[in-house]
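What follows draws every value from the coordinates through simple rules; no lab data is involved. The shown structure was predicted, so the numbers you read here are calculated from the model rather than taken from an experiment. In this analysis, Cβ positions are derived from the backbone assuming ideal geometry, glycine residues included, and neighbour counts consider all displayed protein chains.
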Amino acid sequence: MMILCGLALVLAACSEQPASPEKKAAKAEPITGQSGLYRMYQVARSWAADAQVLKMNSIHVTDLPDVHGKAGAWQATFVSESRNEARVYTYSVIETEPNLHQGVFPAQPESWTGPGRENKPFLIAAVKIDTDAAYKTALKNAGAAAKQNEKQTISFLLEKLPKFTNPTWRVIWGESVGTSGLSVYVDASTGEYLETMH
């Protein structure tokens, strides 16, 4: 009888220990672009061993604190020359409506005919500078315009454009390039300031 009582106490204690899912979600924090990119790349490699990055952008998640240099979710497009396919992946630190899933989530592959005139695919090893460092460089070089827009959401776009030697982080004051009056290009390989766009 004493053994049964002891067992009941142990089971009761065990059932109280795991944290509820709500507490885990409350601890979720935005992450840097390089962290999000590597997590998606690991999954993309299982789809195509020759996967290269075509582009990546941050996704603003309103349920999380706004931390400049980080984002709650990221979306990347990887391409495979051997498969002639492109595939979009998202990574989110939380599950949120309408269609962001926690962790890495792949879309269906689509046909891809090779590099166009705009952005070119590149190896993930070229991304040596993270978004928090790119943001600091952009802020330093944007001057007074950055102060005028300091309360705006900061967004990021990673791509390799013909006018630059290496892939770049485009640090955007606002939700997107189309709605922003200020953005700064920072070299994603060296961290060097490249250009300010108004």
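Enter the per residue convex hull volume of the stretch 153-198, computed from alpha-carbon coordinates, in Å³ rounded to the nearest integer.
On the way: hull volume 3.0 nm³, N = 46.
Expressed per residue, the convex hull around the Cα atoms of the stretch 153-198 is 65 Å³.
The trypsin sites (Lys or Arg not before Pro) of the stretch 93-160 that meet both conditions, a loop assignment by DSSP and at most 11 other Cβ atoms within 10 Å of the site Cβ, are 117, 151.
When both bridge partners sit in the stretch 33-197, DSSP labels roughly 100% of those beta bridges antiparallel.
Under Stokes-Einstein, with the Kirkwood radius over Cα pairs standing in for Rh, what whole-number D in µm²/s applies to the stretch 84-181 at 20 °C and 1.002 mPa s? Mind dumping the intermediate values first?
Values: Rh = 15.9 Å.
Result for D is 135 µm²/s.
The share of Cα pairs per 5 Å bin across the stretch 20-179, counted from zero up to the longest distance, runs 2, 9, 18, 21, 19, 15, 10, 5, 2, 0 percent. Any idea how many Lys pairs in the chain come in under 18 angstrom at the alpha carbon, given 8 or more places apart or on separate chains? Final tally of qualifying lysine pairs is 18. Taking every DSSP helix (H) stretch of at least 4 residues in the chain, weighting each as -39,500 (n - 2.57) and dividing the sum by the residue count yields a mean residue ellipticity at 222 nm of -8000 deg cm²/dmol.
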